[in-house]
Amino acid sequence: MSTPQSTPGSRLLRRKPVETLIAESASAGEEGGGGGHLRRSIGLWQLSSIGIGATVGTGIFFVLSTSVPEAGPAVILSFVLAAVTAGLTALCYAEMASAIPVSGSSYSYAYATLGELVAFGVGVCLLMEYGVSASAIAVSWGEYLNEFLDLAFGVRIPDALAAAPGNGGYVNLPAVVLVALVVLLLVRGASESAKVNAAMVAIKLAVLVLFVAVGLTGFHSGNLTPFMPLGAAGVQVAASSIFFSFIGLDAVSTAGEEVENPRRTLPLAIVISLVVVTLLYVAVAVTAVGAQPWQKFEGQEAGLSQILQDVTGQGWPGMVFALGAIVSIFSITLVVIYGQTRILYAMGRDGMLPKKFAEVSPRTGTPVWNTWVVGIAVAALAAFFPLSLLADMTSLGTLVAFAVVSVGVIILRRTQPDLPRGFRVPLYPVVPLLSIGFCAYLITGLHTDTFVAFGVTLVLATAVYFGYSVKHSKLAATETRERVEIG
């Protein structure tokens with residue numbers, strides 16, 4: 001029996017067997033964390049908190065200042081459109097996560113279904129999704145910190161130290177401090193981080209409920225007229241920009257190797273996260289545009305806190321909300337940086353990146369070196385780049401990764417129909433096809449400079465793949481060894 005010779009084309013399309021992916025993570029629950037494995041220590045509600053923590057607030061706390069000027073009061077429809085897209089994709093994620101319960105999220109799913117080159121490209125999109133979004137979130141943290149300091153003590157951090165170049169400052173120091181605090185917590189261990197995050201999610205939900213309760217007292221139906229001043233195109237553009245607000249659904253699947261009973265827990269946590277997120281987003285959006293004319297949103301910092309001050313005529317509601325936002329945005333940053341490190345862990349384990357990225361501390365069971373690298377990169381982006389560019393880059397990376405997962409569901413159903421699945425997408429193949437279509441629609445609504453930045457990123461990624469990854473791929477080494485043994 002002979003084995004076909006590997007050609008350049010076949011090397012780029014080689015797939016990693018699902019059985020191999022699962023086998024590599026099978027001992028993740030072993031005590032001690034030695035041998036480079038992660039520990040299974042996260043339950044359903046902790047995992048749901050990770051999803052809610054990464055999603056609720058990622059956009060709501062600051063994205064209205066950029067999306068409302070693009071759509072007017074119809075930004076409500078933009079949130080609904082983004083939620084429908086996220087919901088369709090969440091169902092696809094639930095199936096893939098239950099069938100392939102490993103770290104790496106859509107990177108690992110693409111490796112199993114679409115091949116190595118596509119998987120590497122998806123990995124790059126995930127770097128944009130997690131790393132860049134963490135930077136965007138950290139930028140907004142400084143805005144609410146300044147709002148709280150101003151209301152509580154009458155002082156503000158000088159713009160030179162609280163804003164990026166081009167936005168009136170030299171460096172965003174609060175964003176750097178936030179990232180440093182998050183990294184210090186993450187290197188202590190995933191279980192500790194999940195417990196802290198669960199407490200912060202409770203605070204976050206409380207302050208958003210406070211916003212809705214107080215904000216509705218200032219609701220004026222006249223603020224919703226005209227409802228769609230910038231037309232359907234404005235709704236699309238706004239939905240494209242705010243879509244990164246739904247990345248927390250993806251963050252759930254990055255914890256595949258640290259979750260107890262992953263085939264059941266992963267899909268349940270994704271669905272729970274989606275329901276909570278959608279209800280809160282729509283409620284906050286309706287309240288915000290009903291309480292304030294849409295023209296006032298543009299350029300408004302710490303906007304939700306300001307709305308509460310305007311509605312009540314008092315400073316305390318805004319101060320309480322700003323304090324809650326400070327805690328909440330910390331939890332968001334915690335989760336997305338966590339997700340970023342687990343993507344790099346999976347890529348390092350596969351040989352797509354240097355093996356240093358897959359090293360795990362025997363003491364804490366976490367990829368410590370990996371986490372510090374991510375922290376430094378995220379802090380640098382947050383310190384020197386404006387929020388608007390970071391948000392759109394995140395949306396593009398997220399949409400591409402989401403579309404790939406939906407394609408993966410179709411391929412895996414065809415290639416491995418008997419693979420055990422804890423959850424199956426309903427109305428197959430309509431749901432994954434709709435998911436792909438909605439993602440493509442939102443991608444076309446992004447700004448031109450976002451595609452330019454994305455193109456530059458892909459060029460750099462291609463250089464890394466052909467310069468390093470294709471030569472160090474563990475899957476390639478395995479195939480070569482098998483050919484030698486057979487031949």
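The values are calculated or read from the model by the stated rules, or taken from the named source; none is laboratory data. Computed from a predicted model, the values in this text were never measured in an experiment. We place every Cβ from the backbone using ideal geometry, glycine too, and count neighbours over all the protein chains shown.
Couple of notes before you dig in:
- Residue, surrounded by the fewest Cβ atoms within 10 Å (Cβ to Cβ), within segment 226-267, restricted to residues that are modelled with pLDDT under 90 and touching a Pro at 6+ places or on another chain (Cβ under 8 Å): 263
- Residues in segment 52-84 that are modelled with pLDDT under 90, surrounded by 24 or more Cβ atoms within 10 Å (Cβ to Cβ) and not hydrophobic (A, V, I, L, M, F, W, C): 53, 55, 57, 58, 59, 67.
- Looking across 423, 402, 438, one residue alone is modelled with pLDDT under 85 and on the phi < 0 side of the Ramachandran plot. It is 423.
- Residues (surrounded by fewer than 17 Cβ atoms within 10 Å (Cβ to Cβ), touching a helix residue (DSSP H, G or I) at 6+ places or on another chain (Cβ under 8 Å) and at positive phi) located in segment 284-313: 299
Okay, residues lined up against (1) at positive phi; (2) assigned to a helix (DSSP H, G or I); (3) among the charged types (D, E, K, R); (4) within 18 Å of the chain's Cα centre (by Cα):
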site	(1), (2), (3), (4)
46	no, yes, no, yes
61	no, no, no, yes
66	no, yes, no, no
70	no, yes, yes, no
74	no, yes, no, no
78	no, yes, no, no
83	no, yes, no, yes
111	no, yes, no, no
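- For segment 85-101, the condition of being at pLDDT 85 or above and more than 30 Å from residue 412 (Cβ to Cβ) holds for none of the residues.
- Condition met for residue 407 (out of contact with any Leu (no Cβ under 6 Å at 6 or more places or on another chain) and surrounded by fewer than 24 Cβ atoms within 10 Å (Cβ to Cβ)): yes
- Residue match in segment 463-482 (condition: acidic (Asp, Glu), modelled with pLDDT of 85 or more, surrounded by fewer than 19 Cβ atoms within 10 Å (Cβ to Cβ) and farther than 26 Å from residue 236 by Cα): no
- The set of residues in segment 268-283 that are surrounded by 23 or more Cβ atoms within 10 Å (Cβ to Cβ) and over 18 Å from the mean Cα position of the chain (by Cα) is empty.
- Note on segment 131-182: residues that are modelled with pLDDT of 85 or more and touching a Pro at 6+ places or on another chain (Cβ under 7 Å) total 2.
- Counted residues, segment 261-284 - those being β-branched (Val, Ile, Thr) and in contact with a strand residue (DSSP E or B) (Cβ under 9 Å, 6 or more places away or on another chain): 1
- Some residue of segment 436-447 being among the aromatic types (Phe, Trp, Tyr), surrounded by 19 or more Cβ atoms within 10 Å (Cβ to Cβ), part of a helix (DSSP H, G or I) and touching a residue at least 40 places away in the same chain (Cβ under 8 Å): yes
- Test: residue in segment 313-320 that is in contact with a strand residue (DSSP E or B) (Cβ under 9 Å, 6 or more places away or on another chain), in contact (Cβ under 8 Å) with a residue 60 or more places away in the chain and hydrophobic (A, V, I, L, M, F, W, C): no
- When the residues of segment 139-173 are filtered to those that are farther than 17 Å from residue 305 by Cα and in contact (Cβ under 8 Å) with a residue 40 or more places away in the chain, the one that is surrounded by the fewest Cβ atoms within 10 Å (Cβ to Cβ) is 166.
- Test: residue in segment 409-430 that is among the aromatic types (Phe, Trp, Tyr) and assigned to a helix (DSSP H, G or I): no
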